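Shown next, in structure tokens, is the structure this report addresses.
The values are calculated or read from the model by the stated rules, or taken from the named source; none is laboratory data. What you are looking at is a predicted structure, and each value in this text was computed from that prediction instead of being measured. Glycine also receives a Cβ, built like all others from the backbone with ideal geometry; neighbour counts cover every protein chain displayed. These area figures cover heavy atoms from the full protein model, side chains too; ligands, DNA and RNA do not enter into them. Shrake-Rupley method; radii C 1.70, N 1.55, O 1.52, S 1.80 Å.
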Amino acid sequence: LGTPINTIIDHSALLSRGADLVADRAVYHVEPHASARQTTIALIKTYSQQFETRGTRLVVVVLPYLWDQSPRSKEDRAIVIPQLEAAGIATLVPKFPRLPDGTIDRRQFAVGTHPNRRYNALLVEQLSSFLNALNTP
């Protein structure tokens, strides 16, 4: 659009969001969130079927992240996980100790922005138990 207009859009949250929305829909054909969620479910199901035809079972692990307690994230999990499980796709949502607001205490589980050893150890322990339970007849 030109340097002055781009500068104005970049410095205005409203204009920037509007320009991103127009570009996403009109130029890049990005789906709305609910449609993208369904596309994600369909892709995971497709990949799972492809893995199974090769004799391997797909396992989905839903890792915690900084905004995983937001209303949209909770809604996503409430829709996606049951659909994956209904399709027979093994899905693990690891449990981590959380603060009263539901977030993970970054001081316990991160070094800067990267997971620390405690985070990885808890994750591996739960994933190992989950995978062993899947293999138990």
* Asked: Can you find a residue in the stretch 4-13 that is surrounded by 13 or more Cβ atoms within 10 Å (Cβ to Cβ), among the β-branched types (Val, Ile, Thr) and modelled with pLDDT of 90 or more?
  -> no
* Structure fact -> Counted residues in the stretch 108-130 being aromatic (Phe, Trp, Tyr) and open to solvent by 30 Å² or more (accessible area, probe 1.4 Å) come to 1
* Structure fact -> Selection from the stretch 80-107 of residues surrounded by 13 or more Cβ atoms within 10 Å (Cβ to Cβ) and either assigned to a helix (DSSP H, G or I) or touching a His at 6+ places or on another chain (Cβ under 6 Å) (or both) yields Val80, Ile81, Gln83, Leu84, Arg106
* Structure fact -> With criteria (1) hydrophobic (A, V, I, L, M, F, W, C); (2) exposed (fewer than 14 other Cβ atoms within 10 Å of the Cβ); (3) touching a helix residue (DSSP H, G or I) at 6+ places or on another chain (Cβ under 6 Å), Leu58 comes up short on (2)
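Counting just the residues of the stretch 19-29 that are hydrophobic (A, V, I, L, M, F, W, C) and open to solvent by less than 60 Å² (accessible area, probe 1.4 Å), which one comes out nearest to Ala87 (Cα to Cα)?
Applying the first criterion (hydrophobic (A, V, I, L, M, F, W, C)) to the stretch 19-29 yields 19, 21-23, 26-27.
Then drop every residue that is not open to solvent by less than 60 Å² (accessible area, probe 1.4 Å), which leaves 19, 23.
Values: Ala19: 38, Ala23: 34 Å.
For the stretch 19-29, the residue satisfying everything is Ala23.
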* Structure fact -> Of (1) outside any helix (DSSP H, G or I); (2) surrounded by fewer than 11 Cβ atoms within 10 Å (Cβ to Cβ); (3) modelled with pLDDT of 85 or more; (4) of a type outside the set (Lys, Arg), Leu1 fails just (3)
* Structure fact -> When Leu123 is run through (1) in contact (Cβ under 8 Å) with a residue 40 or more places away in the chain; (2) more than 19 Å from the chain's Cα centre (by Cα), the failure sits at (2)
* Arg77: of a type in the set (Lys, Arg), part of a helix (DSSP H, G or I) and either open to solvent by less than 90 Å² (accessible area, probe 1.4 Å) or at pLDDT 85 or above (or both), yes or no? -> yes
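Out of all the residues in the stretch 30-44, which are modelled with pLDDT of 95 or more and either open to solvent by less than 70 Å² (accessible area, probe 1.4 Å) or in a strand (DSSP E or B) (or both)? Steps first, please.
Looking only at the stretch 30-44, we keep the residues that are modelled with pLDDT of 95 or more, and these are 41-44.
If the condition is that a residue be modelled with pLDDT of 95 or more and either open to solvent by less than 70 Å² (accessible area, probe 1.4 Å) or in a strand (DSSP E or B) (or both), then Ile41, Ala42, Ile44 are the ones that fit.
Can you tell me which residues in the stretch 47-98 are basic (Lys, Arg) and under 30 Å from Thr113 (Cα atoms)? Write out each step before concluding.
Filtering the stretch 47-98 for residues basic (Lys, Arg) gives 54, 57, 72, 74, 77, 95, 98.
Those that are basic (Lys, Arg) and under 30 Å from Thr113 (Cα atoms): Arg72, Lys74, Arg77, Lys95, Arg98.
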* What are the residue pairs meeting all of these: first residue in the stretch 94-107, first residue over 17 Å from Asn120 (Cβ atoms), second residue at pLDDT below 85 and open to solvent by less than 30 Å² (accessible area, probe 1.4 Å), Cβ atoms under 7 Å, and 6 or more apart or on different chains? -> Leu99/Asp105
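Identify, from the list Ser48, Ser16, the residue that is in contact (Cβ under 8 Å) with a residue 40 or more places away in the chain and open to solvent by less than 70 Å² (accessible area, probe 1.4 Å). So that I can check it myself, show each step before the final result.
On the way: Ser16 fails: in contact (Cβ under 8 Å) with a residue 40 or more places away in the chain.
From the options Ser48, Ser16, the qualifying one is Ser48.
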